[in-house]
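**Q** To start, I am sharing the structure in question, which I have written as structure tokens.
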Amino acid sequence: MNYLSLSDYLKQTYGQKVYKISLQSGCTCPNRDGTLSVGGCIFCSEGGSGDFATPLLPVKEQIDIAIKKVEQKLPAGKEHKFIAYFQSYTNTYGDTAKLRALYEEALSDDRVVALSIGTRPDCIKDDMLEALKNLQTKYGKKIWVELGLQSIHESTAKRINRGYPLPVFEDTYRKLKEAGLTVIVHVILGFPWETETDMLETIRYLSSLSPVLDGIKLQLLHVLKGTRLGEDYLHEPFHVMELQEYCDLVVKCLKLLPKETVVHRITGDGPKKLLLAPLWSGDKKKVLNTLNRAIKLS
Ligand code: SF4
């Protein structure tokens, strides 16, 4: 089965491999700072979905440090390209002028070919939308906006303490697409109360979006220490997906997606030191091999 992976898309678009560097904007999250709630989403660890990001420094310095780190592992003497990825917490939650300046600093770096901003659909005000649209035009570099949806089901939204209903996502999606921005949606597979039908309904819904969804991240539910989900699990362990079960489900999801939708991720990338379950997900090499075999055979 064929699907459009992120690495293929990047090679097609930029003519070479492109690497992501994780940066920080210093934003918090309304679901953690008390505006919506203090506990955050029940699966989210203290690092706010970005436990690998570099320390908070001026953007230029963060970029230099992150690129140096990536380039240590790459052959010397070649010019590499990068995506500046603001990953942790809610990166449109703050003063628009200040954030605009941060994003402009990243976009003005010649080594950066695109900007990726992780956020929530209820935290993109009109002036932020306008700022992102203008920056994309000014620099001629794509701006990706990554929205944490996780599931379309309201019962799940409540259980995970997401803090916004589906119509908010729909409205923001439409505005982002009208502004010409690239939208990537995060989905979590494996909430213990969701059936396979529920999860495939989320994928079907996203596959039917108009205009077509630019990108999706499929992420296995990681139960992490220091999260409310982790506490529940330690108190009373619940069913987590088996590796083969997850691989079969991912294949079904990929079959439903439009061929234009770029698949950014088919597994999770959680911090191993915090992982409580499923423990097999800590062996990333094995997970990817099993996933790729299942996809090839389908
Ligand atoms: S919205 Fe994102 S950063 Fe905020 S609590 Fe939820 S997962 Fe964590």
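**Q** Filter the chymotrypsin sites (Phe, Trp or Tyr not before Pro) in segment 1-91 to those in DSSP coil with at most 15 other Cβ atoms within 10 Å of their Cβ, and list the result.
**A** Passing sites in segment 1-91 are F52.
**Q** Let me ask you something else. Quick one: net charge of I42's neighbours, Cβ under 10 Å, K/R +1, D/E -1?
**A** Working: positive: R159, R162, R228; negative: E231, D232.
Result for the neighbourhood of I42: +1.
**Q** Binning at 5 Å from 0, report for the chain what percent of all alpha-carbon pair distances ends up in each bin.
**A** 1, 5, 11, 16, 19, 19, 15, 10, 4, 1, 0
**Q** Let me ask something additional. If you take the Cα Rg of segment 43-180 and divide it by 2.2 N^0.38 Å, with N the number of residues, what do you get?
**A** Output field value: 1.14.
**Q** Rounded to the nearest 0.05, what FRET efficiency do K273 and E231 give with R0 = 25 Å and r taken as the Cβ-Cβ distance? Could you check?
**A** 0.90
**Q** Within the set of other residues whose C-beta is less than 10 Å from the C-beta of T96, count the net charge using Lys and Arg as +1 and Asp and Glu as -1. Let's see the in-between values first.
**A** Values: positive: K98, R100, K125; negative: D95, D126, D127, E130.
With Lys, Arg at +1 and Asp, Glu at -1, the neighbours total -1.
**Q** For the chain, what is the calculated [θ] at 222 nm in deg cm²/dmol (nearest 500), taking -39500 (n - 2.57) for each run of four or more DSSP H residues and dividing by its residue count? Walk me through the numbers on the way to the answer.
**A** Values: 10 runs with 115 residues, N = 298.
That calculation yields -12000 deg cm²/dmol at 222 nm.
**Q** Grab the other residues whose beta carbon is less than 11 angstrom from that of P211, score K and R as +1, D and E as -1, and report the net.
**A** -1
**Q** Right, next: Roughly how many Å is it from the Cα centre of segment 136-210 to that of segment 225-256, as a whole number?
**A** Answer, in whole Å: 19.
A short reminder: the numbers here are calculations on the coordinates, not readings from a lab. Keep in mind it's a predicted model, so treat the numbers as computed, not measured. Cβ: placed from backbone, ideal geometry, glycine included. Neighbour counts: every protein chain shown.
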